[in-house]
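What follows is a short report on a single structure.
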């Protein structure tokens, strides 16, 4: 029996050699997020009711971000605009799990709501690349103080 594909989603994960609360804060805190990920800056802490937006120098324009769920230090869920003409919004869930007796954190990012169309697949693949890059940049930032994203895309 064939099942019908109703939407596309993806999951990426990585391990960061820092305690879970520190890793969660590096994603929730706009000052830190602006250093290693949102090249045009982040405004507002990722917490319920906050006015949040992200800007990327390589993708001009400020994206409004809606915090759906904030459970420090284990889970964040956001909705934000996707590319024009594809999906109006996607849902992105960040899960933070302490591993190795709390010395490291497993970060898992899942994004969903992409339509199973050629444009939806392009959007999902592009964002999958973006979240993988974000995880790599997060690790370099927290473990070594290095900003990887600067000049990478623009």
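Derivation of every value follows stated rules applied to the coordinates shown; laboratory data play no part. Remember, predicted model here, so these are calculated numbers, not experimental data. Don't worry about glycine lacking a Cβ; one is built from the backbone with ideal geometry, like all the others, and counts go over all protein chains shown.
Before moving on, here are some points about what is shown:
- Structure-based [θ]222 nm, the chain - -39500 (n - 2.57) summed over DSSP H runs of at least 4, per residue, nearest 500: -9000 deg cm²/dmol
- Label positions at residue 119 and residue 48, each projected 7 Å from the Cα along the C-beta direction, are separated by 3.5 nm.
- Working from Cα pairs under 8 Å separated by at least six residues, relative contact order for region 11-144 is 28 percent.
- Maximal additional length on extending the residue 58-residue 75 stretch stands at 3.4 nm, based on 0.36 nm per residue less the C-alpha distance.
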